[in-house]
1. If the viscosity is 1.002 mPa s and the temperature 20 °C, what Stokes-Einstein diffusion coefficient in µm²/s follows for the range 41-85 when Rh is the Kirkwood radius over Cα pairs?
2. Alpha carbons only, please: Rg and Dmax for the range 1-72, in angstrom.
3. At 25 °C and 0.890 mPa s, what whole-number value in µm²/s does Stokes-Einstein give for the translational diffusion of the range 84-157, with Rh from the Kirkwood sum over Cα pairs?
4. With a cut-off of 8 Å between alpha carbons and a minimum separation of six or more residues, what is the relative contact order of the chain in percent?
5. Using helices alone, what [θ] at 222 nm do you get for the chain, with -39,500 (n - 2.57) per DSSP H run of 4 or more residues, divided over all residues and rounded to the nearest 500?
6. What is the Å³ per residue value for the convex hull set by the Cα atoms of the range 85-128?
7. Mind pulling the per residue volume of the convex hull built on the Cα atoms of the range 6-149? Å³ is fine.
């Protein structure tokens, strides 16, 4: 039986572990974005502390006390979802997505890179629909896709 995955709010004492996870995941997930490969752990830490943490609700997925992934959400905007490369496809992303839907039951929106086929497949598997193709803001200026998830209509039986 697979170990239980628990989702909980990120605690301040877990910030460094989440930043390391984000850094490692980004380097693996975005080989097609040269700029992403230049970011240091220190530059990501500064961005996380200055921009992500103050603007988003942060949650981690953990199993046996080990952080497997994290998400950042702003209202209905699913801003970040990163699962450690060594623990992907074990339910942590699905558990975090379930929490996001709980926090925003009327729907979710997000952007991801069109070249991030693994992310696109994950979101589509979980009922997200691509609604717009575009280009993400500078400095990356890479092709992106906007996804929406809406709950199924309620039927009165």
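Laboratory data are not the source of any read-out in this text; all were calculated from the coordinates shown. Bear in mind that the values here come from a model prediction, so they are computed numbers and not experimental data.
1. Using the Kirkwood radius from Cα pairs, D works out to 190 µm²/s.
2. My reading of the Cα-based Rg and Dmax gives 13.0, 40 Å.
3. It comes out at roughly 179 µm²/s.
4. On the way: 229 pairs, mean separation 30.7, N = 157.
Across the chain, relative contact order equals 20 percent.
5. Details: 5 runs with 48 residues, N = 157.
-9000 deg cm²/dmol, from helical runs alone.
6. Working: hull volume 3.3 nm³, N = 44.
Measuring per residue, one finds 76 Å³ for the Cα hull of the range 85-128.
7. Details: hull volume 15.0 nm³, N = 144.
Spread over its residues, the Cα hull of the range 6-149 gives 104 Å³ apiece.
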